[in-house]
Amino acid sequence: MDIPYARWYEAIGRRRSYRTFDKSRPIEPDKLASLESVCREFRPFADARVVMVNKPAEDIFKFIAGSYGVIRDAPAFLAFIGNSENPNIDEQSGYTAEGILLEATALGLNTCWVGASFSTKKTGSLIDLGDRERIIGVSPLGYAVKNGTITDKIMTGFGRTHKRLPAEQLVSGLIFEDAPAWIRNAIEAARLAPSAVNRQPWGFNIEENAVTVFIRSRGPDAGIPFRLDCGIAMLHIEVAALNAGIKGKWEFLKSPQVARFRVG
Ligand SMILES: Cc1cc2nc3c(=O)[nH]c(=O)nc-3n(C[C@H](O)[C@H](O)[C@H](O)COP(=O)(O)O)c2cc1C
């Protein structure tokens, strides 16, 4: 499936994480069907896939027996699955799953990337996993309660977790202001990518015809791979490039580099 770049580019600006959902508002069957078909069709990498589970997500977020997760009342969820033997599976999973979250956003649904505080065992019992597959992350799916609960407000640091570092701090190579317009748009889109605990571990080396994503900062760890966040930023870069009429290809690189997007 080709990236529906105009639709996803618009969704990049609107997506943000929501953790409390509206129990009384089910997802319409046509939206479920449409998102499920995008889950099947958006498979840019053979080893990374997303599965939609149309069942209440409550249990998978109660990861400590008897406790309540920070994610509440979602009527459905998405599971991000990858082949653990693929050395690039983190960035490939980040890229693929973010596509599905942008599609969900475009459909008017709300989501939240969750990489740690969920039960892999309970999630695994609700989906078919291949021998080499593992669950990389999950997201609740539904309509969020926008005013949020106090837990929500604390989790988002009263809005702070949506703040991003300035582009100048993330960029090396060409001077940001002198870079071609499509690159400046791509970096702005990458800045808006979600990352675990909003750590924004990415850096971007920019050339006239290429952007290399690398791991600029290794903190905080959070038990979630930095390359997963970087894969999410990669998708945002490509969506913004396509939206500016620029096609390119990714080449995966060894750490601390992640991948290079080259025009052509
Ligand atoms: C890979 C990844 C893992 C995440 N894991 C969790 C998590 O376990 N629990 C949680 O509440 N939020 C989690 N988040 C959501 C981030 O905290 C959130 O994306 C970040 O603070 C930026 O806020 P925004 O998504 O509203 O832009 C995760 C995000 C990413 C990208």
> Within the bounds of the stretch 59-67, is there any residue that is modelled with pLDDT under 95, within 14 Å of Cys112 (Cβ to Cβ) and part of a helix (DSSP H, G or I)?
Replying inline: yes
>> I want to confirm something. Restricting to the stretch 202-253 and keeping residues that are acidic (Asp, Glu) and within 16 Å of the ligand (Cβ to nearest atom), which single residue is surrounded by the fewest Cβ atoms within 10 Å (Cβ to Cβ)?
In response: Asp221
> Are there any pairs with C-beta distances below 8 angstrom linking a residue in the stretch 29-55 that is in contact (Cβ under 8 Å) with a residue 60 or more places away in the chain to a residue that is surrounded by fewer than 14 Cβ atoms within 10 Å (Cβ to Cβ) and not β-branched (Val, Ile, Thr), with the two at least 6 apart or on different chains, and if so which?
Replying inline: Lys31/Gly108; Val38/Met1; Phe42/Met1
> What are the residues in the stretch 185-218 that are over 22 Å from Leu253 (Cα atoms) and part of a helix (DSSP H, G or I), if any?
Replying inline: Asn185, Glu188, Val197, Asn198
> Failed condition for Gly248, given (1) farther than 26 Å from Ile81 by Cα; (2) more than 19 Å from the chain's Cα centre (by Cα), with all others met?
Replying inline: (1)
>> Restricting to the stretch 191-201, and then to whatever is buried (at least 19 other Cβ atoms within 10 Å of the Cβ) and among the aliphatic types (A, V, I, L, M), can you tell me which residue is farthest from the ligand (Cβ to nearest atom)?
In response: Ala193
>> Contact list please: Cβ distance under 6 Å, first residue in the stretch 162-173 and in a helix (DSSP H, G or I) and at pLDDT 95 or above, second residue away from the ligand (no atom under 16 Å from the Cβ) and aromatic (Phe, Trp, Tyr), pairs at least six apart or on different chains.
In response: Leu170/Phe204
> Do we have Ile136 as away from the ligand (no atom under 13 Å from the Cβ), part of a strand (DSSP E or B) and in the same structural domain as Ala48 (by TED's automatic domain parsing) here?
Replying inline: no
> In the list Ile127, Ile81, which residue meets the criterion of being crowded, with 24+ Cβ neighbours inside 10 Å, more than 11 Å from the ligand (Cβ to nearest atom) and closer than 30 Å to Phe252 by Cα?
Replying inline: Ile81
> Going by the conditions given, is Thr96 assigned to a helix (DSSP H, G or I), surrounded by fewer than 23 Cβ atoms within 10 Å (Cβ to Cβ) and not charged (D, E, K, R)?
Replying inline: no
>> Within the stretch 69-95, take every residue that is more than 14 Å from the chain's Cα centre (by Cα) and acidic (Asp, Glu) and give me the one that is farthest from Lys153 (Cα to Cα).
In response: Glu85
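The values are calculated or read from the model by the stated rules, or taken from the named source; none is laboratory data. Note that this is a predicted model, so its numbers are computed, not measured. Quick reminder, even Gly has a Cβ in these numbers, built from the backbone with ideal geometry, and neighbours come from all protein chains shown.
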